[in-house]
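Derivation of every value follows stated rules applied to the coordinates shown; laboratory data play no part. Source: prediction; values computed, not measured. Here Cβ is always computed from backbone atoms with ideal geometry, including for glycine, and neighbour counts include all displayed protein chains.
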Amino acid sequence: MTARLRVDYITCGGRGICAELLPELISGDDWGFPIVTGESVPPRLLGDARVTARACPLLALRLEPHTPSGTP
Amino acid sequence: MIVRELVLLGDGRTDLATHLARYGPLPATIDRAALLRDVDGAGLTGRGGAAYPAARKIAAVARNAARTRRDPLVIGNGTEGEPAIDKDKTLMTRSPHLVLDGAQIAALLTGAPAAVIVVHPRALGAMKHAAAERAGGPVRLSVRRAADGFVAGEATATACWVARGASTPTGTPPRLSEHGPAGVPTLVQNVETLAHLALIARYGPAWFRSAGTPSEPGSMLVTITGAVRAPGVREIGIGMPVRHVLEQADGPSAPLRALLLGGYSGAWANAAEAMGLPLSAAGLADLGAAPGAGLVAALPADACGLQETARLARYLARQSAGQCGPCVFGLDAIATEVSRIADGRGGGIALLTRWLGQVDGRGACSHTSGAARLIRSALRVFGDDLADHAAGRCAVSPGVIR
C-alpha cells in the first residue's frame with residue numbers, strides 16, 4: 001500500500017512532537033509547524049509513521065492511503 | 001440574433017422580461033446527459049480563479065449525490081471579496097437573471113432541488129429582486145449576503161458560510177463534491193461560470209468555442225484598473241493580447257512599469273514583456289502568471305512595485321482566516337519582511353525566500369500559496385530595485401524611502 005502523511009493545519013497546534021519522532025520525514029518550520037517531506041511514505045518507515053500519527057495529541061497528523069489528486 | 005455578451009451595459013434594465021427578450025428562453029426540457037456533454041465539449045472552466053473544468057465538477061457532484069442518495073447542494077459564488085475585482089458585482093447587477101439561469105441549470109444537472117447564490121452586498125439588491133421575479137420555477141433559488149473578507153470567497157469557506165454561518169475554509173479532504181459542510185455533495189461555482197453555463201445551454205458548445213482559444217475556449221470578464229484611462233469591467237475572448245485588453249479600457253494613462261495579473265494572489269508581470277502575450281493560462285505561463293479571476297491592474301512607471309507589494313502582502317496577511325499556523329505566523333512575518341525591504345530598513349531576501357518556501361502549499365486553503373506566488377513574482381519583476389532599496393534609495397519613486 002502507498003500511504004502519505006497529511007497535516008490538518010486547522011487542527012495542528014505546532015507542538016512539534018511529530019518532528020521529534022519522525023525526523024526522517026517531518027521537520028519544523030520557523031514557527032514550529034510541521035513540514036512533511038516527500039509525496040508518500042517509504043515502506044521501511046510505514047511503522048514509524050503510524051506510531052507518529054497516533055502520537056499527535058491533537059490528532060492533526062493522519063496517515064492515509066495515497067491517491068492521486070483529482071476533483072476538488 | 002444571438003446575444004453573446006454576459007454583461008449588457010445598454011439601458012440598465014435587468015427585469016426578467018428584458019432578459020428573456022435579449023437571450024431567449026432556456027430550453028424547455030433539459031436532457032441531463034446531453035447537456036453535461038455539451039458543457040464538457042464547450043470546455044467551460046471555472047471563472048473564479050482556479051479554472052477547474054466545470055463539467056468535471058458538476059459530474060462528480062451528480063455522481064456522488066446519486067451514489068449516496070442525498071440531495072446535493074448547489075452554491076453560486078458571488079462573494080468576490082477581492083477589493084480590486086468588480087466583475088462578479090457588475091455581472092450580478094447588470095445580468096442577474098443570467099446567473100440565476102445558470103444556477104437553475106447547475107441544479108438540474110446535479111439533481112439538486114435548490115440553489116443558493118451567495119452575493120456581495122453591493123449586488124444583493126439586484127439579485128434579490130431578480131430571484132423574487134422567478135418564484136415558483138423548477139428549482140428553488142435563494143439569494144443570501146456574502147461574508148466579508150478576501151478568504152470568504154474560497155470555495156470551502158463559501159460552502160461553510162452557507163451551511164454554518166461561518167466563512168472559514170474547512171480544508172479538503174473531504175472534497176466538496178463528496179461531502180460539503182452541509183453534509184451533502186456540494187457544487188460551488190463562481191457566478192460568472194454559471195452565466196456562461198446559461199448561455200451554453202441556450203446556444204451550444206460550438207457557439208461557446210467561437211470565442212477564446214481552442215485550449216481555453218470562451219469569453220471571460222476582466223477588471224481593468226490602475227493606470228488606464230477608463231477603468232472598469234470588460235468582456236474579452238480568452239487569449240486576447242494584453243495590449244488589446246488594456247485598450248478596452250482606453251489604454252494606459254501613463255507609461256507602465258508592470259501589470260498585476262489574475263488577482264491579489266496572482267502575479268506581477270513586466271509590462272513590456274506582457275503586452276504582446278495572450279491573456280490566457282498558456283500565454284502567461286512563461287511569466288508565471290495566469291488570467292485567474294480576471295484582474296489586470298496597471299502599475300505606472302513612477303510607482304514603486306516593492307512598496308505596492310508590501311501593501312498587498314500586509315493586506316493578505318491580515319486577511320488570513322486565522323486557522324492555520326503557517327498562514328497566521330508565516331504571512332505576518334513575510335509581510336513585515338517585505339515592508340522592511342521596501343522601506344530600505346534592511347530586510348533580508350534570503351530570509352524572505354526561506355519563509356516563502358515554508359508557507360507555500362501549507363494550510364487548509366490556497367491563501368498562503370497565493371501570497372507566496374505574488375511575492376515571488378515581485379522579487380523577479382522588481383528585482384532591479386532590490387539592491388537600490390537595500391542601499392536606502394528608490395530610483396523609481398524617490399519619495400518612498402524615508
- How well do other chains shield peptide B:324-331, expressed as the mean number of their Cβ atoms within 10 Å of each residue Cβ? 6
- Message: Which order do the peptides B:18-27, B:319-328, B:88-97 come out in when sorted by mean C-beta neighbours inside 10 angstrom, highest first?
- Response: B:88-97, B:319-328, B:18-27
- Note on segment A:3-65: alpha-carbon gyration tensor, axes a ≥ b ≥ c; rule is a/c under 1.5 for rounded, else prolate if a/b larger than b/c, else oblate; result prolate
- Query: Fully extended, how many nm does the chain gain between residue B:253 and residue B:207 (0.36 nm per residue separation, minus their Cα-Cα distance)?
  - Reply: 13.0 nm
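From the C-alpha gyration tensor of segment B:305-400, pull out the three semi-axes of the equivalent ellipsoid (sqrt of 5λ each), sorted largest to smallest, in whole Å.
Output for segment B:305-400: semi-axes of 24, 12, 11 Å.
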- At 7 Å along the Cα-to-beta-carbon direction for both residue B:244 and residue B:380, put a label point, then send me their distance in nm to one decimal. 2.5
- What's the Cα-based Rg to Rh of chain B, Rh via Kirkwood? 0.99
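Report the rotationally averaged projected area of segment B:60-122 based on its alpha-carbon convex hull, in square nanometres.
Working: hull surface 18.6 nm².
Taking the Cα atoms of segment B:60-122, their convex hull projects to 4.6 nm² on average.
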- Message: Please compute the contact order of chain B in relative form: average sequence separation of alpha-carbon pairs under 8 Å and at least six residues apart, divided by the residue count, as a percent.
- Response: 15
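Sort segment B:16-209 into rounded, prolate or oblate with this rule: let a ≥ b ≥ c be the square roots of the eigenvalues of the Cα gyration tensor; rounded if a/c is under 1.5, and if a/c is not under 1.5, prolate when a/b is larger than b/c, oblate otherwise.
Cα axes put segment B:16-209 in the rounded bin.
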- Beyond 14 Å, what percent of the Cα pairs of segment B:219-300 remain? 53
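Taking every DSSP beta bridge that has both residues in chain B, what percent is antiparallel when rounded to the nearest 5?
So the antiparallel bridges amount to about 50 percent of the total.
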- Query: Counting pairs of alpha carbon atoms under 8 Å apart in space and at least six apart in sequence, what relative contact order in percent does chain A give?
  - Reply: 44
- Message: If neighbour count is taken as other Cβ atoms inside 10 Å, put B:308, B:5, B:178, A:39 in order from fewest to most.
- Response: A:39, B:5, B:178, B:308
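Based on the mean of other beta carbon atoms within 10 Å per residue, what is the order of B:118-124, B:104-110, B:247-253, B:44-50, most packed first?
Per-residue Cβ counts within 10 Å, averaged per peptide and sorted highest first, yield B:104-110, B:44-50, B:118-124, B:247-253.
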- Task: Rank by packing, highest mean first: peptides B:148-154, B:256-262, B:379-385, with packing defined as the count of other Cβ atoms within 10 Å averaged across residues.
- Result: B:256-262, B:148-154, B:379-385
- Item | Inter-chain shielding of B:217-225 (mean C-beta neighbours from other protein chains, 10 Å cut-off) | 0
